[in-house]
Amino acid sequence: MNTQAPHFPRTRMRRVRKNGWSRRLVAENILTPDDLIWPVFVHEGKNRATEIPSMPGVQRLSLDLLVTAAKEAYGLGIPVIALFPAIDPGLKSEDGREAVNPDNIICKAIRALKDALPDMGVLCDVALDPFTTHGQDGLLQDGYVVNDETIEVLIAQTLNQVEAGCDIIAPSDMMDGRIGALRDALEREGHVNTAIMSYAAKYASGFYGPFRDAVGSTGNLGQGDKRTYQMNHANSDEALREVALDINEGADMVMIKPGMPYLDICRRVKDEFGVPTFAYQVSGEYSMLAAAAINGWLDRDKVVMESLLGFKRAGCDGVLTYFAVEAAKNLQV
């Protein structure tokens, strides 16, 4: 950067800030609906929407309401919808076998969306936590989440979702080596154009609480945690190692999760690798802003749009956000 710019008054930084048109003219980053991925929670039933108390304004939707909501999102220019299941507790098991059921709620949701909106992208999470009685992302042996055995189930879960029509597989489990194993399985089964968006740097964060409420895993996890496989939030260099491994194993895109507390990681990843880079503005981030707006402490529209543009400034190509639909509406104005 040139630090020898002319001094005041030859340089007046406010000149280009005076008018709306000039501010737009020199804007360094821009947010559009193309940058947004909308995460949605789905459950069984018909014409059934249930509120999530810890995520005010977010609902679990039955398939018919999901399709209606997705049509609105697609009409606003949102290119991708991300699906997360809230299943009947009676379907949960120690080994998460419902994840590989071809008629589970996620597979039915994929088919419903692809029938109604064939040109909208569908992204699916790959992890076992919504399907297990213990709330962990993988298989347990003596209280420890085992890596290689979990990967075998994740392969089956991935193929199950892809065969239902999923476009982007997003492994969030943080098992070592799973990207390579999933890429090999997809190639072997002829799914050569299925993209992988890896949760490459996923931290063991306190910001996931409302999400676990939404998918019904909070009670299952109990006093347990995920620190043996999700990242230590003290570490930054480690994130670059994780991302490098996933790229080398065949990830097409990478994701950092959570979002706003980890914008430094987003910037480092984009600068280091130059690959399509995404962030997940997670449930806790949503709930903080939503609750503050409900209490009149923050202007919801202003802070939502500011936070999303912050991701773009940090180098992200896109953002998974529960604010996607309202942000897209704001961008129409």
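The values are calculated or read from the model by the stated rules, or taken from the named source; none is laboratory data. Quick caveat: nothing in here was measured; it's all calculated off a predicted structure. Positions of Cβ are generated from backbone atoms using ideal geometry, with glycine treated the same way; all protein chains shown enter the neighbour counts. The protein model used for the area step is the full one, side chains on, heavy atoms only, and it has no ligands, DNA or RNA in it. Shrake-Rupley method; radii C 1.70, N 1.55, O 1.52, S 1.80 Å.
Values as computed for the structure displayed
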item	result
Complete set of residues in the range 230-249 that are open to solvent by 20 Å² or more (accessible area, probe 1.4 Å) and either at pLDDT below 95 or not acidic (Asp, Glu) (or both)	232, 233, 234, 235, 236, 240, 241, 244, 245, 247, 248
Residues being among the aromatic types (Phe, Trp, Tyr) and crowded, with 20+ Cβ neighbours inside 10 Å - total across the range 124-172	1
Residue match in the range 77-88 (condition: buried (at least 22 other Cβ atoms within 10 Å of the Cβ), within 18 Å of the chain's Cα centre (by Cα) and over 20 Å from residue 326 (Cα atoms))	yes
Failed item, numbered, when residue 268 is tested on (1) open to solvent by 60 Å² or more (accessible area, probe 1.4 Å); (2) out of contact with any Ser or Thr (no Cβ under 9 Å at 6 or more places or on another chain); (3) over 30 Å from residue 75 (Cβ atoms); (4) of a type in the set (Lys, Arg)	(2)
Residues satisfying the stated conditions in the range 40-59, i.e. out of contact with any strand residue (DSSP E or B) (no Cβ under 7 Å at 6 or more places or on another chain) and of a type in the set (S, T, N, Q)	47, 54
Residues located in the range 194-229, provided they are aromatic (Phe, Trp, Tyr) and either under 20 Å from residue 158 (Cβ atoms) or surrounded by fewer than 18 Cβ atoms within 10 Å (Cβ to Cβ) (or both)	199, 229
Residue selected from the range 251-299 under the condition of a type in the set (Asp, Glu) and either in a helix (DSSP H, G or I) or in contact with a strand residue (DSSP E or B) (Cβ under 9 Å, 6 or more places away or on another chain) (or both), by the criterion nearest to residue 206 (Cα to Cα)	285
Leading residue by the ranking (nearest to residue 52 (Cα to Cα)) among those in the range 70-111 that are without any contact (Cβ under 8 Å) to a residue 40 or more places away in the chain and small (Gly, Ala, Ser)	90
Out of 329, 257, sole residue that is in contact (Cβ under 8 Å) with a residue 24 or more places away in the chain and crowded, with 17+ Cβ neighbours inside 10 Å	257
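Listed here are the residues, each with its yes/no results for (1) at pLDDT 95 or above; (2) more than 24 Å from residue 199 (Cα to Cα); (3) among the aromatic types (Phe, Trp, Tyr); (4) open to solvent by less than 20 Å² (accessible area, probe 1.4 Å).
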position	(1), (2), (3), (4)
22	yes, yes, no, yes
37	yes, no, no, yes
46	yes, yes, no, no
57	yes, yes, no, no
94	yes, no, no, no
116	yes, yes, no, no
121	yes, no, no, yes
